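Heads up: the structure comes next, in structure tokens.
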Amino acid sequence: SAKKQGRNRFCWFDVTMEQELQTRNTIESGMRKGIPAGEFVPYYEQQIDLATGKLTGFEMLARWESPTQGLVSPEVFIPIAEETGMIGDLSLSVMRKCFEDAKNWDPSLSVAVNISPIQLLDPWLAQKIVKLLVETGFQANRLEIEITESSLFENLSLAQSIVGSLKNQGIRIALDDFGTGYSSLAHLRALPFDRIKIDRSFVTSILENPESAAIVKAITSLGESLGMPITAEGIEDKAIEDELRNIGCSKGQGWHYGRPLSTQQLRKVLAERNLLPKPPEASSDENE
Ligand code: C2E
Ligand code: MG
Ligand code: MG
Ligand code: MG
């Protein structure tokens, strides 16, 4: 039969697919337990004011501290969370930890959080985020939400209404990974973005590739005329940083400033720079 013939012909392929399916099922069931168990945690990447070199805040990047697989990348678990409908719970659980961390930092420091296009199909998303802010005591005006252009395709009017509610609370909105995917200049008008993030693929190649440099320059001047300052992601060395500063990008982030840090690692760094409030004992001592 055709089925049997097919089996014989694709026997090796079938085994591989079966293994892949098994791996995927293992990850999925691990995630189902791991989300309520608090295994999904925030890591933090520094964001720098390119003109002054000052730390302005962090982008929060989720990681999975899996008891069996170690530290798992969001490139692995975000797509699965999106397909299975776990993304909402996962995101809120990591965001809660993030806000609890961030409320202790110096108030000059902001945090940017990535939101999946799937989450922008939830009419209660803004209320859920605001509730988290109230419960944790983190200030809305220190929060930036990063969304990608693909968020605008599924249900634009819902996305607009959610973003409107978030902005009414004082939360800022950034357009992430601009320049990749289905980039369209019309998207810049669809939502009142406060900031544009240029995708890493243009930034890392800016010194070798004249087209990349031209694109970064054009996006930066476009952003400037629209009142949307630019963050460049993927700055890996000083030469790239210098070039972006010359072009006029307002903020930058990337491995040049260090790898993303865990809550514990970040606390140490901030304490060294006097960007954490002093413990209660110390401050009452000062008052005496
Ligand atoms: P993204 O939002 O564009 O985040 C930037 C990614 O680039 C991060 O990867 C970061 O570690 C990496 N990166 C930063 N600087 C450099 C650099 O100089 N060189 C290179 N080669 N890479 C750099 P990460 O942490 O693996 O995150 C990947 C993506 O996963 C993120 O891309 C974001 O789309 C998604 N993601 C992460 N956390 C969350 C989350 O909490 N919720 C949702 N929905 N998505 C998330
Ligand atoms: Mg991002
Ligand atoms: Mg990005
Ligand atoms: Mg990116």
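Quick notes on this structure:
- Rounded if a/c under 1.5, otherwise prolate or oblate - the stretch 149-216, Cα gyration tensor axes: prolate
- Evaluating 6.51 cos²θ - 1.76 cosθ + 1.60 at θ = phi - 60° for every residue in the stretch 35-45, the Karplus couplings come out as 5, x, 7, x, 7, 8, 10, x, 10, 10, 10 Hz, glycine and proline recorded as x.
- For the chain, the antiparallel share of DSSP beta bridges with both residues in that region comes to about 40%.
- Computed P(r) (all Cα pairs; the stretch 168-288; 10 Å bins; percent): 12, 34, 26, 17, 8, 3, 0
- Across the stretch 207-221, rounded Karplus estimates of 3J(HN,Hα) from the backbone phi angles (6.51 cos²θ - 1.76 cosθ + 1.60, θ = phi - 60°) give 7, 8, 10, x, 5, 4, 4, 5, 5, 4, 4, 5, 5, 5, 6 Hz, Gly and Pro being marked x.
- A simple charge model with +1 on the Cβ of Lys and Arg, -1 on the Cβ of Asp and Glu and nothing else charged puts the dipole of the stretch 144-216 at about 300 debye relative to its Cα centre.
- For the stretch 242-276 and the stretch 85-157, distance of Cα centres in Å: 21
- Cut-off under 5 Å, modelled amide H: who pairs with Glu149 long-range: Asp176
- Pairs over the 25 Å Cα-Cα cut-off, from the set Lys167/Lys238; Lys33/Lys197; Lys131/Lys197; Lys131/Lys167; Lys217/Lys238; Lys217/Lys268: Lys167/Lys238; Lys33/Lys197; Lys131/Lys197; Lys217/Lys268.
- Rounded to the nearest 5, the antiparallel percentage of DSSP beta bridges internal to the stretch 38-188 is 50%.
- Overall form of the stretch 11-92 per C-alpha gyration tensor (a/c, 1.5; a/b vs b/c): prolate
- Placing dummy labels 7 Å off each Cα toward the beta-carbon, the span from Arg189 to Glu18 is 5.6 nm.
- Proxy reagent accessibility, fewest Cβ within 10 Å first, across Phe178, Phe77, Phe153, Phe138: Phe153, Phe138, Phe77, Phe178
- The phi-based Karplus calculation (6.51 cos²θ - 1.76 cosθ + 1.60; θ = phi - 60°) puts the 3J(HN,Hα) values of the stretch 63-75 at 9, 10, 8, 7, x, 9, 10, x, 7, 9, 6, x, 4 Hz, whole numbers, x for Gly and Pro.
- Residues whose amide H lies under 5 Å from that of Leu261, counting only those 5 or more places away or on a different chain, are Tyr44, Glu45; hydrogens are built 1.01 Å from N in the peptide plane.
- Student exercise, the stretch 17-63 dipole from Lys, Arg, Asp, Glu Cβ charges, in Debye to nearest 20: 160
- Distant-in-sequence amide contacts of Glu236, defined by a placed amide H-H separation under 5 Å and a gap of 5 or more residues or a different chain, comprise His256.
- Estimated D of the chain in µm² per second, where Rh is the Kirkwood radius over Cα pairs and Stokes-Einstein applies at 4 °C, 1.567 mPa s: 62
- Placing unit charges on the Cβ atoms only, positive for Lys and Arg and negative for Asp and Glu, gives the chain a dipole magnitude near 640 debye about its Cα centre.
FYI, it's all coordinate maths here, none of it is from the lab. Computed from a predicted model, the values in this text were never measured in an experiment. Because the Cβ atoms are built from the backbone with ideal geometry, glycine has one as well, and the counts that use them run over all protein chains shown.
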